[in-house]
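Trainee: First, the structure itself, so that you have it in front of you.
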């Protein structure tokens, strides 16, 4: 009994830490699932439950970082694996893609698919005899292209290596975005990442 209590307390502590450190999506917020990239592009949404019954629910299993999404419809379970679907759609219209079982917001699809992932970064600082710990919110940015099977950290180096491989085209990109921080800029008029708009412009001229 004592061992079970210890395990339960450890799981609870882990869940609280995970919830604080990562972006959590509530199960009830999930509207449907895009099974493939083709479905996503064509707006074909799979609705795994009709939400007409008390038992109907979608479980993302985020606290245990499970690889499964379990959909319960009148006590009948359907399992989707997070790495086998393309994305989930929420009732607020946002779309998330699971990468390494963590939810990444699909922030822009106008050229490259750009994703954001919010978490907490722990920084340690020595101040005299004391060691202080500070939790800092941080957002990571990733992108994918082509068949969108692989995601890459959004950096100038990765854009040059995987997307704009022509040195002349890449040099034009560098002139507009001299550092990685500039890649995070969003055009307030369109709501799109400026890097996507620049890539479209650069490729049209090439």
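Coordinate-derived values only; no laboratory data. Predicted, not measured: the structure shown is a model, and the values here were computed from it. Methodologically, a virtual Cβ is constructed for each residue, glycine included, from the backbone with ideal geometry; neighbour enumeration extends over all protein chains shown.
Trainee: Per residue Cα convex hull volume for segment 88-135, in cubic angstrom?
Mentor: 121 Å³
Trainee: Angle check, please: helix 2-21 long axis (alpha carbons) against the longest principal axis of the chain (alpha carbons), in degrees 0 to 90, nearest 10.
Mentor: 30 degrees
Trainee: Using a basic spin-label model with each label point 7 Å from the Cα along Cα→Cβ, how many nm lie between residue 171 and residue 56?
Mentor: Reported label-point gap for residue 171 and residue 56 is 6.0 nm.
Trainee: If you take the beta carbon distance between residue 200 and residue 101 as r and set R0 to 35 Å, what does 1/(1 + (r/R0)^6) give as a FRET efficiency, to the nearest 0.05?
Mentor: That gives a FRET efficiency of 0.60.
Trainee: Enter the angle in degrees (range 0 to 90, nearest 10) between the Cα long axis of helix 194-205 and the first principal axis of the Cα atoms of the chain, meaning the one along which they spread out most.
Mentor: With rounding to tens, the tilt is 40 degrees.
Trainee: Which translational diffusion coefficient, to the nearest whole µm²/s, is obtained for segment 22-95 from the Stokes-Einstein equation, given a Kirkwood hydrodynamic radius over C-alpha pairs, 37 °C and 0.692 mPa s?
Mentor: Roughly 260 µm²/s, to the nearest whole number.
Trainee: Let me ask something else. Suppose each label sits 7 Å from its Cα in the direction of the beta carbon; what would the residue 110-residue 180 distance come out to in nanometres?
Mentor: The answer from the label model is 2.4 nm.
Trainee: Roughly speaking, what is the stretch gain from residue 138 to residue 79, that is 0.36 nm per residue apart minus the C-alpha to C-alpha distance, in nm to one decimal?
Mentor: Result: 18.1 nm gained on full extension.
Trainee: So what does the Cα-only Debye profile of the chain read at q = 0.16, 0.17 Å⁻¹, as log10 I(q)/I(0), no solvent term?
Mentor: Per q value, in the given order, log10 I(q)/I(0) is -1.13, -1.20.
Trainee: Measure nothing but the geometry: give the 0 to 90° angle between the long axis through the Cα atoms of 167-176 and the longest principal axis through the Cα atoms of the chain, rounded to 10°.
Mentor: Long axis of 167-176 versus the principal axis of the chain: about 80 degrees.
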